[in-house]
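Here it is, the structure, as structure tokens.
The values are calculated or read from the model by the stated rules, or taken from the named source; none is laboratory data. Not measured: the values here are computed from a predicted model. Cβ coordinates were reconstructed from backbone atoms using ideal geometry, including for glycine residues, and neighbour counts include every protein chain displayed. These area figures cover heavy atoms from the full protein model, side chains too; ligands, DNA and RNA do not enter into them. Shrake-Rupley method; radii C 1.70, N 1.55, O 1.52, S 1.80 Å.
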Amino acid sequence: MTRIPKRHWRTYGNNYPLPTGAEALDEPFAAFPSWFMRVTCERCGKERMFNEVHSAQRAMLIRDILDKMRHDGCGGLAGKAELVSGIEGVSCRPVRKIVLREG
């Protein structure tokens with residue numbers, strides 16, 4: 001059974017506070033509808049983007065997703081990680097960011 005998040009942080013509107021990185025780690029990915037997770041490999045430095053809408057792990061806590069994540073190319077762990085509300089230079093709205101892990 002899928003757990004429905006108590007709160008949602010949408011990509012639009014900036015009149016409500018975002019959670020801290022520590023608070024966001026304890027939320028399921030589904031609590032951030034349409035957000036992207038930007039993850040940098042700690043070994044090779046390659047950056048990957050994952051969209052919440054297309055994720056099979058929407059119900060998992062973000063902390064658990066990052067702990068299980070491995071880079072296919074080199075086997076490295078997730079290093080720097082952040083949630084972003086859009087892609088800089090492409091999105092028409094200001095991009096909001098939550099830093100989950102520092103690199």
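Determine the share of the range 33-94's accessible area contributed by carbon and sulfur atoms, expressed in whole percent, with a 1.4 angstrom probe.
About 49 percent, which is the carbon plus sulfur part of the accessible surface.
A further question on this structure: By accessible area of protein heavy atoms, probe 1.4 Å, what ranking do M37, M60 get, highest first?
Descending order: M60, M37.
For the chain, what does the accessible surface come to per residue with a 1.4 Å probe? Please give it in Å².
63
What nm value, rounded to one decimal, do you get for the distance between R63 and E88 when each label is placed 7 Å out toward the C-beta?
According to this spin-label approximation, the distance is 2.8 nm.
Any idea how far apart R10 and A56 come out in nm if each label point goes 7 Å out from Cα toward Cβ?
The answer from the label model is 3.1 nm.
Among R38, R63, R93, whose mean-square fluctuation peaks in a Gaussian network model of the chain (Cα, cutoff 10 Å)?
Looking only at R38, R63, R93, the biggest GNM fluctuation is shown by R93.
Give the ranking of L83, L18 by solvent-accessible surface, highest area first, calculated with a 1.4 Å probe.
L18, L83
Placing +1 at every Lys and Arg Cβ and -1 at every Asp and Glu Cβ, with all other atoms neutral, what dipole size does the chain have around its Cα centre, in debye to the nearest 20?
In debye, rounded to 20, the chain gives about 160.
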